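Asks: Mind looking over this structure? Questions follow.
A short reminder: the numbers here are calculations on the coordinates, not readings from a lab. Note that the coordinates shown come from a computational prediction; the quantities given were computed from them, not determined experimentally. FYI the Cβ positions are ideal-geometry reconstructions off the backbone, even for glycines, and counts take in every protein chain you see.
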Ligand code: SF4
């Protein structure tokens, strides 16, 4: 199964569960398929007794979420191991602790698929669903995967009221997707920045206004250097949560 070809609608999928059932079988990007499976076979020594997921990682969280978080792509030994977006690595530890602090999860940690984690009114997804080498998908891989996020946004549209983008890659990828999915993007296109907030008017009668927020990515490069602190992340999450009506 390849990425869904219909760019303007939920594309025949009635639910996110249906979409995700196809997404996890996607093999549209040969380099990423080879990499995710190689990592899953070879493993990191500290996880050698675990069975890696090694497949596309679907969005995490309820299908009627009011708030959507968009990152970059799963991490090789994080989401590609656990099968859950943003879980199983230090970036996830940082993110889920902050989400819990502002009331967006039921617990401050995510370890494995059986840890009881629940996201409250919030879903986490990414423009690229397979772990890329060096966390860098190619432009072709980014474009190949975008239809999944277009479809996901279409299915979330009845409830989603705010989107928080983690990092410049997600921002640059998401703006054209939002335009294609039914929201108006200012011209010139607004640049990514931490704390940037835009209100996007709907372009279709079945869309509601959408509040868009930018936040530095929760990568260790940002969190170890204190470019992004827990307080900074919690502040943006709080703004996005309120804008979403949560
Ligand atoms: Fe499919 Fe996206 Fe993975 Fe490419 S990155 S193989 S389009 S799920």
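Asks: Provide, in order from the shortest bin, the percent of all Cα-Cα pairs of region 128-183 in each 10 Å bin, continuing until the bin that contains the maximum pair distance.
Replies: Bin by bin from 0 Å, the calculated values are 21, 56, 21, 2.
Asks: Moving on. Points 7 angstrom from Cα along the Cβ direction at residue 37 and residue 184: gap in nanometres?
Replies: For the pair residue 37/residue 184, the computed spacing is 4.7 nm.
Asks: Quick one: which of 64-73, 130-139, 173-182, 150-159 comes out on top by average Cβ neighbours within 10 Å, and what's the full order, highest first?
Replies: 64-73, 150-159, 173-182, 130-139
Asks: While we're on this one: What is the distance in Å between the Cα centres of region 124-158 and region 180-246?
Replies: Going from one Cα centre to the other spans 17 Å.
Asks: Using just the C-alpha positions of region 76-172 as equal point scatterers, what log10 of I(q)/I(0) does the Debye formula give at each q in 0.10, 0.12 1/Å?
Replies: Normalising to I(0) and taking log10 leaves -0.29, -0.42.
Asks: Hey, what number do you get for the chain at 222 nm if only DSSP H runs of n ≥ 4 count, each worth -39500 (n - 2.57), divided across all residues, to the nearest 500?
Replies: -11000 deg cm²/dmol
Asks: Here's a follow-up. Which value does Rg/Rh take for region 68-125 over its C-alpha atoms, Rh per Kirkwood?
Replies: 0.92
Asks: Return the Rg/Rh ratio of region 121-215 with Cα-based radii and a Kirkwood Rh.
Replies: Using only Cα positions, Rg/Rh for region 121-215 is 0.94.
Asks: Using Cα-only point scatterers and the Debye equation, what is log10 of I(q)/I(0) for the chain at each q in 0.09, 0.13, 0.15 Å⁻¹, rounded to two decimals?
Replies: Here log10 of I(q) over I(0) equals -0.34, -0.74, -1.02.
Asks: Comparing 219, 46, 199, which has the greatest mean-square fluctuation in the GNM of the chain with Cα pairs linked when under 10 Å apart?
Replies: 46
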